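Let me begin by presenting the structure, written as structure tokens, before commenting on it.
The values are calculated or read from the model by the stated rules, or taken from the named source; none is laboratory data. Here the structure is a predicted model, which is why all the values come from computation and not from measurement. Cβ placement follows ideal geometry from the backbone for every residue including glycine, while neighbour counts extend to all protein chains displayed. Accessible surface areas use protein heavy atoms only, side chains included; no ligands, DNA or RNA. Shrake-Rupley method; radii C 1.70, N 1.55, O 1.52, S 1.80 Å.
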Amino acid sequence: MINQNSPLFLAMRRFRRHRLAIFSCCVLLSMIVLVISAPLFEIWLGVSANQVDLYSRMVGSSLQHPLGTDELGRDVFLRLLYGGRISLFTGLTAACFAASIGTVIGLSAGYFGGRLDALLMRLTDSVIALPLLPLLIVLAAIDLNKIGLPEAIVQSEDVSFYRIVLIVALTGWTTVARLVRGATLSLKEREFVMAARGIGASDRHIMFRHILPNLLSPIIVAVTLSVGSVILLESVLSFLGLGIQPPMASWGNMLTNAQQLIWEAPLLAVYPGLLIFITVISFNFLGDGLQDAFDPKAEY
Amino acid sequence: MALLEVNRLKVYFQTRNGLVKAVDDVSFSVDAGETLAIVGESGSGKSVTCYSLLDLLPKPPAVIEGGTALFDGEDLLTCSTPRMRQLRGNDIAVIFQDPMTSLNPFISIGEQLIEPLIYHPDKTRIQGRKQARLRAIELLDEVGIIDPVARFDCYPHEFSGGMRQRVMIAMALINEPRLLICDEPTTALDVTIQAQILELIKKLQQTRDVAVIFISHDLGVVAGIADKVLVMCDGTIREAGDTESIFYNSQNDYTKKLLAAIPEGAKVLTNRSEPDKPLVEVRDLKTYFSDYSKAAASGGKKYIKAVDGVSLDIRRGEILGLVGESGSGKSTLGRSILQLAPTSFGTVTFDGTLLDDLNPKQTVPWRRRMQMIFQDPYASLNPRMTVYQTLSEPLLYHGLADSKSIDQQVRQLMDDVGLAYGQMRKYPHEFSGGQRQRIAIGRAIATKPELIIADEPVSALDVTIQAQILDLILDLVERHNLTMLFISHDLSVVRYISDRVMVMNKGVIIESGDTETLWANPQQEYTQRLLKAIPLADPRLERRRIASL
């Protein structure tokens, strides 16, 4: 039985009235369905995403190639779908990882206070102060062989993907950490927390049973908003050639390829650019909608 | 013709759950030199009535559906925005409830005071800075600010609550308004400060012949200050008349209910305490908080001495009242006894066991035996937990129930505190303040504790709800054989419920004794002042009391 008046349910009801956010939600959902069903399209069209066909380079759209082909004769539509898989998946996993790290750090800093708080927050400040892009470039350039990772992993296709998720998660948690710490500081002084301490509840019980559920809404909003920025970051890195490595497609490295052919085949740059734009802006609208829905003051 | 004549005013709110008639068909009038009190519980529409006159309501959701409000012959509800701004500055002034949030913390008091004079919408009345300053200082002096010349340049945080409310009053009066609207001006203040502010409003009104609309929930305050009273409930007027006829000869059931709900007189139950068996012994307890602002100024470590050497016994089976004004340390003392605030010095013994020696893990079984009820039923319940979860948590945590018996026990608890069992899957925001306090009380008695510390449990509630909760507490104490420390700033409530009373001031207990003995014959000057400042909900007695001060 679901209570129709639980705080989350009420928030969802408010969310439903936010048209732009609902629209964005639909856009994102259909995009996710499309990229998941990429292999089906492959079978249906009879070509694979990385199949090079030098006889039909840069052809326009046709039945076999709905959006034409690129400079190596690969199908642009399929590559966009596979690129979308990478971009969306990177965005979501990295944002969730970053939020988890941020929540744990922010919650402990805010709840325990004192020296731990000072230490963790100085750590946060230092991470914020790091010049992000140069750091990412350095990290992305590390030769994994030299730090002793097994050959099998280093050689695998997915390694550039994991590398990006890890890098973003390790640098992107600061916003959530500060947000969670601030909210925890005010929540822990609330009387229901005092009441829980009065019952004799342990710190862990109070943190996870009483404080964390009340933090969920700001965390969800922060995650949604950061997915967009992670996708942008991934495109930037891939554009610079440090992110997802070809032949695996991502929207970012498709832009890089298109750069040299911007006069001959401008559409090759337009498609991935447009998709990045639509995805990021949809995530932002979705975040705005969630923010309004979770706002306790939005009563009517 | 009266100065303000409100006729059939209707203000509706468009909300998610449909139309709410906040003010429905309200008519009244106020004359110059007259005080009209609008009395009602929260949600009765008393504030909305006044704010709609000044166009201070957010629109939407508020809609003025009909009626007229003639101020000196001019309809306030239809006048233009610039004209309304002019009226608000010149002729009608408002004093709000909370003096802490009504002043801008970044601008000095003086600057805020002279603002309406030097930026006056009416060009002919603009005054020079020097002249305005003189006028402001004169007013500060009139509202009782000592050394107004020096205080002119001080910032709001340098004033106490009562002083800030005086500044707010000076600010309201600076343009010589003809109508003054006071929205619960003393609710956030201590009882001794309240008496001073009320006296000030009364005096200023008499010397300046302004009309006053006084919004309040406190019938005692109203009895002393009002000429006419308007009783409101659910947006409608239940009764209107002059003060004496309302208080002595009320025809309306709701008014009678309000009057009957005021806690009055001594406790009716017998004292069940066993004098020789203290449940809790507190010896020389000190709770200090470091004060960073002073430490920075003087270089050394300074402390705020919230509790400064308190010794007391709570006898088994008694209700011990602890009274004091805000900042007296009474809440901190309550929390220190329960080991919820870190104590700096002294000991707390509970049933023969020294609590200070125990580490957090060892205190858990003791926590079962002592519980706390908090003031604000909105903050003391976890908004993400249902009633069922809130009530079952202490039971499960202490292993007092298993999955089979838990339903039965929660049912029993809800029954004990007067909640319907069908509401157990609901969240706190679906309940009214009184019901929430019932849930909080249910949580406190869940573990069958012996000691309950109730920290202002009825201060945030309306008077009729307050009476119900007090009776519930008395009933539970009797049935479950509880011992209680009842902390409150409201002396009438403490008298109604306590067997014994302690008076706390500046971190120390200055007087204690059996309730009625102490009431009849207070020894300390502070206690005497405190007792004298209680407003009585009886116009004749109240006026005699004010005159005797």
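Annotations for the structure displayed:
- If you go through the range B:485-541 and keep only what is closer than 24 Å to B:ALA223 by Cα, in contact with a strand residue (DSSP E or B) (Cβ under 7 Å, 6 or more places away or on another chain) and of a type in the set (Gly, Ala, Ser), you end up with just B:SER488.
- B:TYR155, sole failed condition from (1) over 27 Å from B:GLU542 (Cβ atoms); (2) open to solvent by less than 10 Å² (accessible area, probe 1.4 Å): (2)
- Among the residues of the range B:397-410, those that are more than 14 Å from chain A (Cβ to nearest Cβ) and touching a residue at least 12 places away in the same chain (Cβ under 8 Å) comprise B:ILE406, B:GLN409, B:VAL410.
- Residue list for the range B:323-342, restricted to those being within 13 Å of chain A (Cβ to nearest Cβ) and in a loop (DSSP other than H, G, I, E, B): B:LEU338, B:GLN339, B:LEU340, B:ALA341, B:PRO342
- The range B:75-101: number of residues that are open to solvent by 40 Å² or more (accessible area, probe 1.4 Å) and in contact with a Lys or Arg (Cβ under 8 Å, 6 or more places away or on another chain): 1
- When the residues of the range A:154-202 are filtered to those that are of a type in the set (Gly, Ala, Ser) and not in a helix (DSSP H, G or I), the one that is surrounded by the fewest Cβ atoms within 10 Å (Cβ to Cβ) is A:SER156.
- Summed over the range B:343-355, residues that are open to solvent by 50 Å² or more (accessible area, probe 1.4 Å) and not in a loop (DSSP other than H, G, I, E, B) total 2.
- Extreme residue, nearest to A:HIS210 (Cα to Cα), among residues of the range B:369-387 that are more than 7 Å from chain A (Cβ to nearest Cβ) and open to solvent by 30 Å² or more (accessible area, probe 1.4 Å): B:TYR378
- B:ARG425 being among the basic types (Lys, Arg), more than 14 Å from chain A (Cβ to nearest Cβ), touching a residue at least 12 places away in the same chain (Cβ under 8 Å) and on the phi < 0 side of the Ramachandran plot: no
Conditions tested, residue by residue: (1) touching a residue at least 12 places away in the same chain (Cβ under 8 Å); (2) open to solvent by 50 Å² or more (accessible area, probe 1.4 Å); (3) basic (Lys, Arg); (4) not in a helix (DSSP H, G or I).
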| position | (1), (2), (3), (4) |
| --- | --- |
| A:MET58 | yes, yes, no, yes |
| A:LEU67 | yes, yes, no, yes |
| A:PHE97 | yes, yes, no, no |
| A:ILE101 | yes, yes, no, no |
| A:ASP143 | no, yes, no, yes |
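- Only one entry of B:LEU230, B:LEU258, B:LEU285 meets the criterion of being among the hydrophobic types (A, V, I, L, M, F, W, C), open to solvent by less than 10 Å² (accessible area, probe 1.4 Å) and under 20 Å from B:ALA2 (Cβ atoms), and that entry is B:LEU230.
- Strands (runs of 3 or more DSSP E) completely within the range B:4-53 that count 3 or more residues being in contact with a Gly (Cβ under 9 Å, 6 or more places away or on another chain) and under 29 Å from B:ALA537 (Cβ atoms): B:4-15, B:18-30
- Subset of the range A:174-215 [touching a Lys or Arg at 6+ places or on another chain (Cβ under 9 Å), within 8 Å of chain B (Cβ to nearest Cβ) and closer than 24 Å to A:ALA11 by Cβ]: A:ALA196, A:HIS210, A:PRO213, A:ASN214
- Qualifying residue in the range B:431-450 (condition: closer than 30 Å to B:LYS277 by Cα, open to solvent by 20 Å² or more (accessible area, probe 1.4 Å), in contact with a strand residue (DSSP E or B) (Cβ under 9 Å, 6 or more places away or on another chain) and of a type in the set (Asp, Glu)): yes
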